[in-house]
1. Looking at (1) open to solvent by 30 Å² or more (accessible area, probe 1.4 Å); (2) small (Gly, Ala, Ser); (3) assigned to a strand (DSSP E or B), which one does Ser64 not meet, given that it meets all the others?
2. Of all residues in region 115-128 being outside any loop (DSSP other than H, G, I, E, B) and of a type outside the set (A, V, I, L, M), which is farthest from the chain's Cα centre (by Cα)?
3. Please enumerate the residues belonging to region 10-29 that are crowded, with 17+ Cβ neighbours inside 10 Å and outside any helix (DSSP H, G or I).
4. From the list Leu57, Leu48, pick out the single residue that is within 15 Å of the ligand (Cβ to nearest atom) and buried (at least 19 other Cβ atoms within 10 Å of the Cβ).
5. Restricting to region 129-171, name every residue that is outside any helix (DSSP H, G or I), within 11 Å of the ligand (Cβ to nearest atom) and open to solvent by less than 20 Å² (accessible area, probe 1.4 Å).
6. All but one of (1) within 19 Å of Leu33 (Cα to Cα); (2) in contact with a strand residue (DSSP E or B) (Cβ under 8 Å, 6 or more places away or on another chain); (3) not in a loop (DSSP other than H, G, I, E, B) hold for Val77; which doesn't?
7. Output the qualifying pairs, or none if there are none: Cβ atoms under 6 angstrom, residues six or more apart or on different chains, first residue in region 155-166 and touching a residue at least 12 places away in the same chain (Cβ under 8 Å) and polar (S, T, N, Q), second residue assigned to a loop (DSSP other than H, G, I, E, B) and surrounded by 12 or more Cβ atoms within 10 Å (Cβ to Cβ).
8. Please tell me if Ile3 is in contact (Cβ under 8 Å) with a residue 24 or more places away in the chain and on the phi < 0 side of the Ramachandran plot.
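The values are calculated or read from the model by the stated rules, or taken from the named source; none is laboratory data. Fair warning: this is a prediction, and the values are worked out from it, not measured in the lab. Counting neighbours? That spans all protein chains shown, and the Cβs are built from the backbone with ideal geometry, glycine included. These accessible areas exclude ligands, DNA and RNA; they are computed on the full protein's heavy atoms, side chains included. Shrake-Rupley method; radii C 1.70, N 1.55, O 1.52, S 1.80 Å.
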Amino acid sequence: MTIQTILKMGDPRLLRVAQPVTRFNTPQLHALLQDLNDTMIHANGAGLAAPQIGVDLQVVIFGSGEANPRYPDAPVVPRTVLINPTLTPLGDEEEEGWEGCLSVPGLRGVVPRFKRLRYQGFDALGQTIDRTVEGFHARVVQHECDHLIGVLYPMRVRDFSRFGFTEVLFPGLDAADD
Ligand code: NI
């Protein structure tokens, strides 16, 4: 396994619009997914996008199928590899929720996201993914796919009175890896 260095906000590689994957089920793609998986698990992340480890491709992974220690109260999101995603909001309704990001360590902020959306894309083998989701699952997808268009969650924060250091905002939370 290879735990890669996670780029931090300020690195221009996090601001790029990522390139689409053109070949599926290749050793290179599987190696990238293995690195993303190992790096996300090591950091207790809820998701990770290829640009966060410096790879300029439209690849994200998220979910674990089990509770996440960084978000202990969050609903479980299925383990997902999502490549070349397209997001379609279903309705205008937004929902606010706290977010953090492995590229913005030590901070959390309230971010408005579409409550319901459809997402489409491909898995590692090139098979179609087409899901309609809401709530936390929809939030995670929007956060991760933002990384593919060079957007970090602080750029979505509207109310900076609800943005700050995790240890101050949530003193009881185990954020050792944050
Ligand atoms: Ni992030």
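1. The single condition Ser64 does not satisfy is (3).
2. The first filter runs over region 115-128 and keeps only residues outside any loop (DSSP other than H, G, I, E, B), leaving 116-122, 128.
Subsequent filtering for residues that are of a type outside the set (A, V, I, L, M) retains 116, 118-122, 128.
Details: Arg116: 17, Arg118: 16, Tyr119: 14, Gln120: 16, Gly121: 15, Phe122: 16, Thr128: 20 Å.
Filtering first and then ranking leaves Thr128.
3. The first filter runs over region 10-29 and keeps only residues crowded, with 17+ Cβ neighbours inside 10 Å, leaving 14, 18, 21, 29.
If the condition is that a residue be crowded, with 17+ Cβ neighbours inside 10 Å and outside any helix (DSSP H, G or I), then Ala18, Val21 are the ones that fit.
4. Values: Leu57 fails: within 15 Å of the ligand (Cβ to nearest atom).
Unique residue meeting the criteria: Leu48.
5. Step one: list which residues in region 129-171 are outside any helix (DSSP H, G or I), which gives 129-134, 150-152, 157-159, 163-165, 170-171.
Of the ones still in play, those that are also within 11 Å of the ligand (Cβ to nearest atom) are 151-152.
If the condition is that a residue be outside any helix (DSSP H, G or I), within 11 Å of the ligand (Cβ to nearest atom) and open to solvent by less than 20 Å² (accessible area, probe 1.4 Å), then Leu152 is the only one that fits.
6. Single failed check for Val77: (3).
7. Pairs that qualify, where the first residue is touching a residue at least 12 places away in the same chain (Cβ under 8 Å) and polar (S, T, N, Q) and the partner is assigned to a loop (DSSP other than H, G, I, E, B) and surrounded by 12 or more Cβ atoms within 10 Å (Cβ to Cβ), are Thr166/Gly106; Thr166/Ala175; Thr166/Asp178.
8. Numbers: in contact (Cβ under 8 Å) with a residue 24 or more places away in the chain: yes; on the phi < 0 side of the Ramachandran plot: yes.
So Ile3 passes the test.
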